[in-house]
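Have a look at the structure below before the remarks.
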Ligand SMILES: Nc1ncnc2c1ncn2[C@@H]1O[C@H](COP(=O)(O)OP(=O)(O)OP(=O)(O)O)[C@@H](O)[C@H]1O
Ligand SMILES: [Mg+2]
Ligand SMILES: [Zn+2]
């Protein structure tokens, strides 16, 4: 028997895809931030579907993002861990789950996050990409020592 969390049931919400990636077990409400972190905007040519606040046995509510014909790099996957450490990445090939992997919190984040310090060199016209070390206390800017301790998603570029 398939459980309530199975592909068959979720198929009612989101169509099955032939090849691509399913990002599952995203914290409820974070799907749009996951999409943002992957650099997908209204102007990119990606076929994606999003289900938000789906009932999950293990998480209460979860979000799911499905990307057609796209597999994610390790770097992209690990960024997702910053906002959804329980996310799982399912690579779909020929309609089947070909590979399933978790996400790992990266030690360094380049780009993606903007330093909140207006005086930081990464916010000037210099061609400098932001760099943050991921520390227990938060994200530490390598250029100006600012630490982002909360509401990370509001700092995503
Ligand atoms: N062909 C497909 N198209 C779209 N989504 C799919 C497809 N195959 C699986 N999925 C989705 O991928 C996720 C993982 O599928 P799987 O069959 O491994 O479910 P599961 O056993 O509930 O996995 P888990 O133990 O990780 O929760 C589910 O959200 C499922 O709906
Ligand atoms: Mg499941
Ligand atoms: Zn800075």
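No lab work stands behind these numbers, since they all come straight from the coordinates. The structure presented is a predicted model; accordingly, all values stated were derived computationally and were not measured. All Cβ positions, even for glycine, are placed from backbone atoms using ideal geometry, and neighbour counts span all protein chains on display.
Compute the semi-axes of the equivalent ellipsoid of region 32-157, taking the square root of 5 times each eigenvalue of the Cα gyration tensor, and list them largest first in whole Å.
29, 17, 13
Show log10 I(q)/I(0) for region 7-102 at q = 0.10, 0.14, 0.25 Å⁻¹, two decimals, from a solvent-free Debye sum over equal Cα scatterers.
-0.22, -0.45, -1.57
What is the fewest-to-most order of 115, 120, 144 by other Cβ atoms lying within 10 Å of their Cβ?
Numbers: 115 21, 120 18, 144 14.
Going from least to most buried by this count: 144, 120, 115.
Put a dot 7 Å past each Cα toward the Cβ at residue 71 and residue 16; how far apart are the dots in nm?
Going from the residue 16 label point to the residue 71 one covers 2.1 nm.
Calculate the FRET efficiency for residue 145 and residue 110 from the Cβ-Cβ distance with a Förster distance of 30 Å, rounded to the nearest 0.05.
Working: r = 17 Å, r/R0 = 0.57.
Using R0 = 30 Å, I get an efficiency of 0.95.
List 46, 76 from most exposed to least, where exposure is judged by having the fewest other Cβ atoms within 10 Å.
Working: 46 14, 76 17.
The fewest-first ordering by Cβ neighbours comes to 46, 76.
What ranking of 95, 132 emerges when the number of other C-beta atoms within 10 Å of each C-beta is taken as an exposure proxy, fewest first?
In increasing order of surrounding Cβ atoms, one gets 95, 132.
For the chain, calculate the relative contact order in percent as a whole number, restricting contacts to Cα pairs under 8 Å that are 6 or more residues apart. Mind dumping the intermediate values first?
Numbers: 291 pairs, mean separation 32.5, N = 157.
With pairs under 8 Å counted, the relative contact order is 21 percent.
Can you give me the relative contact order of region 44-91 as a percent, contacts being Cα pairs under 8 Å and 6 or more apart?
The value is 28 percent.
What full-extension length gain, to one decimal in nm, is calculated for residue 126 and residue 58 as 0.36 nm per residue of separation minus the Cα-Cα distance?
Numbers: separation 68, 0.36 × 68 = 24.48 nm, distance 4.60 nm.
Answer, rounded to one decimal: 19.9 nm.
Calculate how steeply helix 74-83 sits against the longest principal axis of the alpha-carbon atoms of the chain, using the helix alpha-carbon long axis, and give the answer as 0 to 90 degrees to the nearest 10.
80
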